[in-house]
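**Student:** Pasting in a structure now, in structure tokens, and then I'll have a few things to ask.
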């Protein structure tokens, strides 16, 4: 039982009728804060590729042009950052991870996402298949800005947003779940905002 | 292992506020006495939870301002449209209870063994985790050379002003004031940019380790400028507001 904070009045609530979309411990924001561990990488499209590997072995790779030719979807979702802001109805454009894995023709229980800037994050394959995850290159009707992860980032909106790795370049399919960047520093291996899985042990 | 938080989960505990120190017109430092503090590293943060009479809770994270070995303290800037920061900086009193858990985070941290030279770039309340690093460097007797460039709106907005003025041996502190400067101001003026950093930062060949903390525009500009000046991206660690920017 938490002690009452004398004199504290809770103010920021989700807009009326949408309270149920705010996970525990989160607050509603209209902004789009930026969080990252290092300088923003800027890979020009002509050098950009996206690849699927299995156990580190090359399986399938797309150039930027080829990637733009894949069937893309418009996605409108709520996003939840572990630093406690949530943003509703964000509009993205991207390619479903289902499409990418189907074209690669591979399968495994776990995935490690590799990004420019040496960022990694681990995911269960079940969390990024079945229409639950995309590689997004558009935001708000335009291209995805570099500081928000452009040219392309992972979008896994049902998990805390650090799992939606910015500047993603490769998905490596694996037999075992291993911690990525923030997971090594004590953040949760799964990161479900509705179960408030912020840190290891939550 | 890097992550302190890996030690079997972080539980909420009720700390006593032992002192509140006003740093500037909008910033306070809150000294805390938690019943079970495992110790923290320089640069880590902690989570704070407030509960109102209806049982509503609000959580935020704040950078730890004190050095490792000291009791935890946080420095909080009042944000006018905020929910938690006006309470912490205006309502909270010494002797009150405050729920917290931590420490959290293991990347934006510095240990004497990490070496240097250190380049610390602070924008506004982004000074907080960098102050923990500087304080720790002093207390640990480290001789790693350190340069701090602190960007603030005005001289009155500079947090820890007296403490920073007291650092000498091996520490160079410089300021840039972006909005207004006192008469006779001899420091830098204007927002941080590559030209300013070229003059203040260690040359790339020095192999410096950079920590940048502040608002997004400050961090983006400073980090990109260091990379342009030849700093390897892996030697540039960034944190946006160090958790102090939450509402």
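**Student:** Distance from the Cα centre of region A:53-69 to that of region B:21-80, in angstrom?
**Tutor:** Here the two parts' Cα centres lie 45 Å apart.
**Student:** Now for a separate question. Can you pull the mean other chain C-beta count within 10 Å for peptide B:218-224?
**Tutor:** So the per-residue partner count for this stretch is 3.
**Student:** Moving on. Which values, in whole Å and largest first, are the semi-axes of the equivalent ellipsoid of chain B obtained as the square root of 5 times each eigenvalue of the Cα gyration tensor?
**Tutor:** On the way: eigenvalues 173, 88, 51 Å².
Ellipsoid semi-axes (Å, largest first): 29, 21, 16.
**Student:** Calculated from DSSP H runs of 4 or more alone, at -39500 (n - 2.57) each and per residue, what is the 222 nm mean residue ellipticity of chain A, nearest 500?
**Tutor:** -2000 deg cm²/dmol
**Student:** Helix-only mean residue ellipticity at 222 nm, chain B, DSSP H runs n ≥ 4 weighted -39,500 (n - 2.57), per residue, nearest 500. What is it?
**Tutor:** Calculated mean residue ellipticity at 222 nm is -4500 deg cm²/dmol.
**Student:** With a 10 Å Cβ neighbour count serving as the proxy for reagent exposure, in which order, fewest first, do B:110, A:194 appear?
**Tutor:** A:194, B:110
**Student:** Which whole-percent values make up P(r) of region A:103-202 when all C-alpha to C-alpha distances are grouped in 5 Å steps starting at zero?
**Tutor:** 3, 13, 23, 25, 20, 11, 4, 0
**Student:** Something else now. Rank these for me by crowding, A:42, B:49, going from fewest to most other beta carbons within 10 Å.
**Tutor:** A:42, B:49
**Student:** Give the average, rounded to an integer, of partner chain Cβ atoms located within 10 angstrom of each Cβ in B:104-110.
**Tutor:** Per residue, the average neighbour count from other chains is 4.
**Student:** Just to be sure I understand: of the beta bridges DSSP finds with both ends in the protein assembly as shown, what percent are antiparallel, rounded to 5?
**Tutor:** Working: 64 of 95 bridges.
In the protein assembly as shown, DSSP labels about 65 percent of beta bridges as antiparallel.
**Student:** Can I ask one more? Just the ratio, please: alpha-carbon radius of gyration of the protein assembly as shown over 2.2 N^0.38 Å, N its number of residues.
**Tutor:** With N residues counted in the protein assembly as shown, Rg over 2.2 N^0.38 Å equals 0.98.
**Student:** Across 5 Å bins from the origin, how do the percents of Cα pairs in region A:46-177 run, short distances first?
**Tutor:** In order of increasing distance, the bins hold 2, 11, 22, 27, 22, 11, 4, 1 percent.
**Student:** Suppose we look only past 21 Å in the calculated P(r) of region B:143-231. What percent of the Cα-Cα pairs does that tail hold?
**Tutor:** I get 31 percent for the Cα pairs in region B:143-231 exceeding 21 Å.
**Student:** Restricting to Cα atoms and excluding each atom paired with itself, what does the Kirkwood estimate give for region B:4-104 in Å? Each step should come with its number before you reach the end.
**Tutor:** Numbers: mean 1/r = 0.0727 Å⁻¹.
The answer is 13.7 Å.
**Student:** Shielding by partners for B:232-238, please: the mean number of other protein chain Cβ atoms within 10 Å of each residue's Cβ.
**Tutor:** If you average over the peptide's residues, the count of other-chain Cβ atoms is 4.
**Student:** Grab every C-alpha pair in region A:1-103, bin the distances at 5 angstrom width from 0 up to the longest one, and report whole percents.
**Tutor:** Per 5 Å bin, starting at zero, the Cα-Cα P(r) for region A:1-103 comes out as 2, 9, 13, 13, 15, 16, 11, 8, 5, 3, 4, 1 percent.
Bear in mind that the values in this text are calculations on the coordinates, not laboratory data. Just so we're clear, the structure is a prediction, and the values are computed from it rather than from any experiment. No Cβ is skipped: glycine too gets one built from the backbone with ideal geometry, and neighbour counts run over all protein chains shown.
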